[in-house]
Every structure is written in structure tokens, then in C-alpha cells.
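Please read the structure below before turning to the comments.
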Amino acid sequence: MKVEKLNKKELDAYCESIGVETKKRKKAELIQAVYDYERKIIDDAINSGTCLELLKSKINSLSDEYAGNLGEKIVARKEEMKSDDNSHYLIYRVLGIPSEEGMLIDEYQNTGRFLYKYAGSFLEEAASLCLFFSNSRGGKTLVKNTEGTKPKTFEIDFLNGNDAVELKWRDATTDGDHITKEHTRVKAIKNHGYKPVRVMFYYPQREQAIRIQETLKTIYNGVDGEYYAGDDAWNYLEKVSGYNLKTILTEIAERRDNEANNG
């Protein structure tokens, strides 16, 4: 659970559920208290030799949470689409796409947006968990934009010592402005004395998107940063955290496959 996304009332309720005192404490103080609470549990697990089991349990719970929320979103969107205006199917038919097939295309396009969003958020949060298990002082950090006024700050997904790690499940953008924005972000992070590190677990497959990534890799190398993609990204995470996230996720995927086949 990303407690930063909770409003004050939700955060108070969550803190009370885990025994964290909430009276006269601001949101930032409560968030830090939650992290301290989680850190103690992790440290106890490390001392007892059960940290891998705890990490697996947390990632399993995280996957259940994301899967449940995704399922609800998809069901709700499909229900909404039943009342959509489908007059544009005329153009589909003109282009040789039957109305029935057009309906399926629209449905998958709509639900696919949820899937991509949830897939990315889940993987990035699971990777952050691995890093948090290995570094008690690391975490999400904001740095001031020293290269311009928009945006005012840049978010570092996980500040691991001096390494400003950006976690991406994949980046299939073909927008040239993306290069400019990322270049500004990387320079600002470098100006704060951190090493920019980009960790992208899945490489894009389209030619233009690949060219964008090659340019980003050059940008990172140009500021003495590091760029990892595909297998190199999974290996980097295991090297710095000590945990093989891909193996953990494969176990979860196989469990879900078995549940689907037997259910």
C-alpha cells in the first residue's frame, strides 16, 4: 500500500489499525511512522532469517490488491460501455471492421488502459519493496528542479544511498518531448549530487520507441549515470537488493494460472 496516496482520514484509520498513534500528528509524521513500523517488522524478519518469506508475503498481498482493484475497474468500465454511443461503428464498417469486431476492439482498448496502468504501478511498487527490504534509509524522494520552473520538483522512485533509481516497467513512448523532459530531470538529479539510475524491466518493441530509449541511454551515460533495461534491469535489482523479484513474480503467476485452470 502506498500510504502517500491516502488522505488524512484514510491514513489515520490505517495507522490506528496497526497501532500507530495519530493524535496531533501531521500527515508527513504519520507516513514516517508507518515506514518506521514497517522497518521494524522487516528488521525483525532479517534477524530471524525470515525476510525472504516476509517479502514474498507482501508482494503476494500487493498482487492480490492490484488484481482485485483492476478487476473492479474493468467490470465497471464494461458496464459503462453498454450505454455508449456506438454511431462511430459506421466508420469501422466503412473500413471493413464489422460492428461486432469493433465492439470488441473498443472494449479491449478501454480495459487495456487500466491493465497497462496497473501493471506498471504494481511492478514498480514490488521493485521498491525489494529495495526497501535491503536499505532501511532509502525511499521515495523529491528534488527541486534546478534546470527550470516546470515542474517545480522531480520525484526519485527510490533513493538508494547516492543512487537516484527510476523504476519503469516499460517505456514505449515515441514522443520526442519525452527526451527533453528526461534530460532536464537527469541533470537536476545530478545537480543535487545523486547518480541517476534508470531501471526499465521491459524494452519497447517498436522502432521509434527503441530510438527514444537509445537516446535516453546516451543521456544517462553522459552524466555518469547508469541505464538498465530488460534482463539487465532484473539482474541489477537482484544485485543491489539481494532479492530475485522475477522468480517471486513467476511463482505468483504460476499460482494464478493454476487457480484459473482449476477454478
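Since every read-out is calculated from the coordinates, none of them should be taken as a lab result. Quick caveat, the model's predicted, so the values are computed rather than measured. For neighbour counting, all protein chains shown are included, and Cβ atoms are generated from backbone atoms with ideal geometry for every residue, glycine included.
How big is D for the stretch 30-164, in µm² s⁻¹ as a whole number, if Stokes-Einstein is applied with the Kirkwood radius of its Cα pairs at 10 °C and 1.306 mPa s?
85
Under Stokes-Einstein, with the Kirkwood radius over Cα pairs standing in for Rh, what whole-number D in µm²/s applies to the stretch 135-229 at 25 °C and 0.890 mPa s?
181
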FRET efficiency, 1/(1 + (r/R0)^6) with R0 35 Å, evaluated for residue 149 and residue 244 via beta carbons: 0.25
Computed Rg/Rh of the chain, alpha carbon atoms with Kirkwood Rh: 1.01
Alpha-carbon centroids, the stretch 195-263 and the stretch 151-175: separation in whole Å: 13
Rg over Rh, two decimals, the stretch 182-263 (C-alpha only, Kirkwood Rh): 1.13
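Give me the number: length gained by fully extending residue 52 to residue 106, i.e. 0.36 nm times residue separation minus the C-alpha to C-alpha distance, one decimal in nm.
15.3 nm
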Share of alpha-carbon pairs per 5 Å distance bin for the stretch 1-95, given as whole %: 2, 10, 13, 13, 14, 11, 9, 6, 5, 5, 5, 4, 2, 0
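Could you tell me the calculated FRET efficiency between residue 260 and residue 218, based on Cβ-Cβ distance and R0 = 41 angstrom, to the nearest 0.05?
Calculated transfer efficiency: 0.45.
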Fully extended contour minus Cα-Cα distance, from residue 142 to residue 20, at 0.36 nm per residue: 41.4 nm
DSSP-assigned coil residues among trypsin sites (Lys or Arg not before Pro) in the stretch 87-182, each with at most 16 further Cβ atoms within 10 Å: 137, 152
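Which length gain, in nm to one decimal place, applies between residue 97 and residue 205 when the Cα-Cα distance is subtracted from 0.36 nm times their residue separation?
36.3 nm
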Amide hydrogen neighbours beyond the local backbone of residue 139, cut-off 5 Å, H modeled: 159
